[in-house]
1. Are there any chymotrypsin sites (Phe, Trp or Tyr not before Pro) in region A:94-177 that are in a DSSP loop and have at most 14 other Cβ atoms within 10 Å? List them by number.
2. So if I take the alpha carbon set of region B:303-372, get Rg, then get Rh from the Kirkwood formula, what is the Rg over Rh ratio?
3. Run lengths n ≥ 4 of DSSP H only: what is the helix-derived mean residue ellipticity at 222 nm for chain A, with -39500 (n - 2.57) per run over all residues, to the nearest 500?
4. Classify region B:146-189 as rounded, prolate or oblate, taking a ≥ b ≥ c as the square roots of the eigenvalues of its Cα gyration tensor: rounded when a/c is under 1.5, otherwise prolate if a/b is larger than b/c and oblate if not.
5. Could you work out which residue, out of B:HIS31, B:HIS132, B:HIS40, moves most in a Gaussian network model of chain B, that is, has the largest mean-square fluctuation with Cα springs under 10 Å?
6. Of the listed pairs B:LYS71/B:LYS272; B:LYS71/B:LYS94; B:LYS71/B:LYS195; B:LYS195/B:LYS352; B:LYS71/B:LYS141, which have alpha-carbon separations greater than 28 Å here?
7. For region A:66-271, state what percent of all Cα-Cα pairs lands in each successive 5 Å bin, counting from 0 Å until the bin that includes the largest distance.
8. How much space per residue, in cubic angstrom, does the convex hull of the C-alpha atoms of region B:267-385 take up?
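Values in this text are rule-based calculations from the coordinates and carry no lab data. Only a predicted model underlies this, so the values are computations on that prediction, with no experimental measurement involved. Using ideal geometry, Cβ is built from the backbone for each residue, glycine included, and neighbour counts are taken over all protein chains shown.
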Amino acid sequence: MRSRRTGDFSYSLAIGLLAAIGFLILVGPVVIVLLTSFTEGRSIRFPPSGLSTQWYQLLFDATSSRQIHRAALNSLQVAGATMIMATVLGTLASVALARRSGKWARALDTFFMWPMILPMLAFGLAALMYFTFLGLRPSLELIMIGHTIVVIPFVLRTTSASMSQLEPALLESSASLGASWFYTFRRVTLPMIAPGIIAGGFLAFVASLDNVPVSLFLTGPRSDMLPIRMWGMMESTLDVRVAAVSGVLIASVLVLMLVLERLVGLTRRLRD
Amino acid sequence: MLGDILPNKPSSKGGQVPTRSADPSISVRGHTVDLDAVTHRYGTLTAVADVSLTVRAGEIVALLGPSGCGKTTLLRLVAGFLRQSAGSVRIDGKPIDALPANQRNVGIVFQNYALFPHMTVADNIAYGLQAHGRPRDDVRKTVERFLEVVRLGEFRDRLPRQLSGGQQQRVALARALAVEPTVLLLDEPFSALDKSLRLDMQIEIKRLQRQFGLTAILVTHDQDEAMSIADRIAVMNQGRVEQFDTPINVYDRPATLFVTGFIGTTNLLRGKTLHSSNGTTTIALDAGVQLAIASERHFAPGTPILLSARPEQLHLYGEASADRWPVRRRFALPIGPNTMHDLETRDGATLKIVEQRIGAIVDATGEAWCGLRTEARPSLFESSSQP
């Protein structure tokens, strides 16, 4: 009796300790970068020397942070376009492949998931060589295409999970009531899998926003991307604005996540 | 649709259209369904084997059988969710084989109702009408009418998950009926309901079917359900129809040994025929008796047979007689007003007999004699036809 209680206790202790370590590793960096961004000092150092919002003020200053703003705008544009393209293509692919068990459907399914496994640096280099071969020059549009390819698996996964939970009898009922395929898709399929599509779109947006490896190869002189600019600032000047940018990114993603959690149960979608 | 339902030719007097019921706009006349040598294979497995049957206009036919007998496959073939490997399905004599499910105008109610979970009750009922592109005003009126038909007016704005099982089923019925289908298909419609609710819904479906003169095909594995609701029952086994007849005939005149075993309980006694003439076959049972049985079938002398007798067709006696055979009573169970006796014959067969217990307490064990009741008509089968 006594030994079992001791066993239970040490078991809980071990699990609790592991959880605490995991939590520290996950949350620690976020807390540190957030605190650092509010430093009064002139360098990225933890713990910060005093608190102020000077770096945020500098970051939002239109003239002195013009390059960061332009990179951020580029990144948002690319992320937005990538999200739309990946969502449309990924949804179409998952709807077409849902419940098909044929050899070709399986092969295509695997094929679309490839970008998730393929090392992104290799893909970035390949894309650059391919586009150059086609006579195209690095541009925002090429980055959008590159990003779309590597983030499609996110949309495909969440949408396919929703599709597999869609009861076939609903589609059959709709057909027996006289609805065409497209009418069924618009009024039954789409509303039922919308949470999966939205979750996938969110993931695609975030994945594009902080993509470095693909952007690195496809960035041209006029298409500076935010993560790459941040890396450049870190390398050259240890600019504290990098921490401030991180702070803004973390805060916006957090807000978006909370909104989506309320709307579509985001974390539940990602677990499926 | 309405043009098909109502004779539209003006009559000789004043162009008045004859009507079928008080509310002609929702009356649907039944249509016939013909299955003609329908076969369906999944790969090498034959799910439906050469099934031919005719469902008359305004009739409820139950497809009854154990799971895997092909009854659901048959229903899905009629609905158009599957395309048969061979044979033809006709509605009102017209083949519908080439039509996809959404052009067959066949209503279906699924076991789990398959209501659209993101739509209200009213939207669910409106769905088919909207898919047909009916004018908005027409849709609204029809939805109102069908909400009334299934008595769910006050639930119009609820979502399916806020309804009980019985209410959900009524929505599913209203949704299917609103588009005026030629045939209503019911896939195990009562199996998800509580026992107490089942009878209510069976009455409800019967009521709707009468009201609209609907032709309906019901798939079920529950013989009581089939017996109570269907006009005729097609008993299916291994993809074939073993018997297609009225509930009473299926019970009293089973066509095959499978039917006799699947519908109700029965006692099987081994023996062989002695001679057969003028609709009477004399048999010698291994249990030790000779009996003359009325039978339409002719058996050659010496054919090994099985006598199938329902528990209520047998009677227990205290003394021997020429048409009784000895049994050993093993135990007796009181079942309501009846007593069920469990008996063993001399050749080791087990018999179940149900007798009314009119006050007397019957001795539960010991020797007794068993015989057929005078009006009983048991069935005879060649024992090689045993499954």
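1. Answer in residue order: no site qualifies.
2. Details: Rg = 12.0 Å, Rh = 12.5 Å.
Reported Rg/Rh, Kirkwood definition of Rh: 0.96.
3. Working: 13 runs with 210 residues, N = 272.
Value at 222 nm, helices only, nearest 500: -25500 deg cm²/dmol.
4. Details: a/c = 2.53, a/b = 1.42, b/c = 1.78.
Oblate, because a/c is 1.5 or more while a/b does not exceed b/c.
5. B:HIS132
6. On the way: B:LYS71/B:LYS272 35 Å; B:LYS71/B:LYS94 22 Å; B:LYS71/B:LYS195 23 Å; B:LYS195/B:LYS352 26 Å; B:LYS71/B:LYS141 36 Å.
In this structure, B:LYS71/B:LYS272; B:LYS71/B:LYS141 exceed 28 Å between Cα atoms.
7. It works out to 1, 7, 13, 16, 17, 15, 11, 8, 5, 3, 2, 1, 0, 0, in whole percents.
8. It comes to 103 Å³ per residue, whole-number rounded.
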